1. Given a Förster radius of 35 Å and the C-beta distance between Gln95 and Arg49 as r, what FRET efficiency does 1/(1 + (r/R0)^6) yield to the nearest 0.05?
2. Can you tell me what the convex hull of the Cα atoms of the chain projects to on average, as an area in nm²?
3. Taking the mean number of other Cβ atoms within 10 Å as a proxy for protection, how do you rank 79-86, 115-122, 29-36, 43-50 from highest to lowest?
4. Put +1 on the Cβ of each Lys and Arg and -1 on the Cβ of each Asp and Glu in the chain; which of Val84, Met122, Ile10 then has its Cα farthest toward the positive end of the dipole?
5. Hey, any idea what % of segment 1-76's accessible area is carbon plus sulfur with a 1.4 Å probe?
6. Debye calculation, C-alpha points only, no solvent: report log10 I(q)/I(0) for segment 4-54 at q = 0.15, 0.17, 0.18 Å⁻¹, in the same order as the q values.
7. Mind computing the radius of gyration and Dmax over the alpha-carbon atoms of segment 29-81? Å is fine for both.
8. What's the local net charge at Glu76, with K and R +1, D and E -1, over the other residues with C-beta under 14 Å away?
Amino acid sequence: MQDNKFSILIVEDHPFQLIAVQMHLNRLGFFRLAPALDANEAREECARRTEPFDLLLCDINLPDTNGVDLLKELTEAGQIRQAVFLSCREAEELQALQNTLRERGLPVLACLSKPLDQWALMRALEAEEGLRLIEQAD
């Protein structure tokens, strides 16, 4: 499978789900992955890089902060280009959250249900904003 050079920071506080997300992404051809179990590890991963991550794939509820605050912080620091959130919330609530975050100017491609549906993720990445993002990573 081809590595598409798309860098993804995955922030998930449940180790099993973190591994499962990495496996889904590998099957889809994503290999430039940086896993983090909390916001502090995510910040450390960002500090090690000279370029921003193309995508933050993040649980909304983290033990040391919430994913929205983490996205805002990392976006303002120029360390994240786009984001997809994961949550156990209902689909209607996730759609409302996605709309609210976009209205606030945050670079959110989608808010998806857990466990991660790899095809829903691909649809989000293939959306107009996601395609521009993938082109930047090439």
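1. So, using R0 = 35 Å, E works out to roughly 0.65.
2. 7.5 nm²
3. 79-86, 29-36, 115-122, 43-50
4. Value computed over the given set: Met122.
5. Carbon and sulfur: 50 percent of the exposed surface of segment 1-76.
6. With one equal scatterer per Cα and no solvent, log10 I(q)/I(0) is -0.38, -0.49, -0.54.
7. In Å, with Rg to one decimal and Dmax whole: 10.4, 30.
8. +2
The values are calculated or read from the model by the stated rules, or taken from the named source; none is laboratory data. All of these numbers come straight from a predicted model, not from anything done at the bench. Cβ: placed from backbone, ideal geometry, glycine included. Neighbour counts: every protein chain shown. For accessibility, only protein heavy atoms count, side chains too; no ligands or nucleic acids. Shrake-Rupley method; radii C 1.70, N 1.55, O 1.52, S 1.80 Å.
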